[in-house]
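The values are calculated or read from the model by the stated rules, or taken from the named source; none is laboratory data. Predicted, not measured: the structure shown is a model, and the values here were computed from it. Every residue, glycine among them, receives a Cβ derived from its backbone with ideal geometry; neighbour counts consider all protein chains shown.
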Amino acid sequence: MERILTVAGTEQGLALLQQLLEEQGLFVSDSADNGASVRRLLEEQSYHLVVINAPLADEHGEAIARMAYRQNAEVILLVKPEHADAVYERIRDTGIYMISKPLKRSVFFQTLQCIRIQRAKLEKLQEEKGNLDRQIRDAKLLNRAKLLLMQVLKLSEPQAHHYIEKQAMDLRISKREVAEGIINTYET
């Protein structure tokens, strides 16, 4: 389940954010009305999404937006139109989503959709990276095992490769498991 934090200086602002999120099937985990409370919450737990309706009573909101983003949360920062250009210049390279007020439902919903698409792409890339990392580790392990076979049993590289493949097939285990067995047997 996604953890969502909403931040606004007023009860009305918090209620509006909660309503907009619920319309999209998202439910608020926590809410806060000042920067100090947000900092404490961010130190205690992580959030998938943080929506900040700036300004707050004790600060503008940009600093806590950066803090939440550094903790891998997706962040939407709602700002007054007279501050939008300046805030955008300061956050444009961060990945924080900024929406100028007055808040339009359609823009908010489109921003949430962009966040969902971006998150799905990122998760797919992380999965692909994990698969590539595993393949690299396996290749290194197989090469180490082949080198041991070449040194200890005086096999050629193709013979060592064939030996590992045949053992994997005969024993019905992965080449990685064969390589681990060779390394355990011949490395001292």
Item checked: Which listed residue is surrounded by 12 or more Cβ atoms within 10 Å (Cβ to Cβ) and not assigned by TED's automatic domain parsing to the domain that holds ALA8, from PHE108, PHE27 -> PHE108
Next item on the list: Quick one: which residue in GLY61, GLY13 is in contact (Cβ under 8 Å) with a residue 40 or more places away in the chain and in contact with a Pro (Cβ under 8 Å, 6 or more places away or on another chain)?
Entry: GLY61
Next item on the list: Any chance you could count how many residues in the range 166-188 are within 37 Å of the chain's Cα centre (by Cα) and of a type in the set (D, E, K, R)?
Entry: 5
Note to self: Considering only residues that are surrounded by fewer than 15 Cβ atoms within 10 Å (Cβ to Cβ) and more than 21 Å from ARG134 (Cα to Cα), which ones fall in the range 162-183?
What the structure shows: HIS162, LYS166, ASP170, LEU171
Next item on the list: Name, by its number, the condition in (1) free of Cβ contacts under 8 Å to residues at least 12 places away in the same chain; (2) loosely packed, with under 13 Cβ neighbours inside 10 Å that does not hold for GLN159.
Entry: (2)
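Residue by residue, here is whether (1) more than 24 Å from SER106 (Cα to Cα); (2) aromatic (Phe, Trp, Tyr); (3) not in a loop (DSSP other than H, G, I, E, B) holds:
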{"residue": "LEU5", "(1), (2), (3)": "no, no, yes"}
{"residue": "LEU16", "(1), (2), (3)": "no, no, yes"}
{"residue": "GLY25", "(1), (2), (3)": "no, no, no"}
{"residue": "SER46", "(1), (2), (3)": "yes, no, no"}
Margin query: Can you list residue pairs whose Cβ atoms sit under 9 Å apart, with the first residue in the range 122-143 being surrounded by 10 or more Cβ atoms within 10 Å (Cβ to Cβ) and the second being not in a helix (DSSP H, G or I)? Count only pairs 6 or more apart in sequence or on different chains.
Written below: ASP138/SER174
Note to self: If GLU62 satisfies all but one of (1) surrounded by 12 or more Cβ atoms within 10 Å (Cβ to Cβ); (2) more than 30 Å from ASP33 (Cα to Cα); (3) not hydroxyl-bearing (Ser, Thr, Tyr), what's the number of the condition it fails?
What the structure shows: (2)
Margin query: Looking at THR94 and the list (1) surrounded by fewer than 20 Cβ atoms within 10 Å (Cβ to Cβ); (2) of a type in the set (Val, Ile, Thr); (3) in a helix (DSSP H, G or I), which single condition is not satisfied?
Written below: (3)
Margin query: Checking the conditions here, which among LEU149, LEU125 is touching a Phe, Trp or Tyr at 6+ places or on another chain (Cβ under 9 Å) and either in the same structural domain as LEU21 (by TED's automatic domain parsing) or part of a helix (DSSP H, G or I) (or both)?
Written below: LEU149
Note to self: Out of GLU89, GLU74, I need the residue that is touching a helix residue (DSSP H, G or I) at 6+ places or on another chain (Cβ under 6 Å) and of a type in the set (Asp, Glu). Which one?
What the structure shows: GLU74
Notebook entry, point to check: Residue check, LEU155 against (1) more than 18 Å from VAL50 (Cα to Cα); (2) under 35 Å from the mean Cα position of the chain (by Cα), all met but one. Which one?
Noted result: (2)
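So which residues in the range 97-122 are of a type in the set (S, T, N, Q) and in a helix (DSSP H, G or I)? Steps first, answer last, please.
Within the range 97-122, the subset of a type in the set (S, T, N, Q) is 100, 106, 110-111, 113, 118.
Correct list: SER106, GLN110, THR111, GLN113, GLN118.
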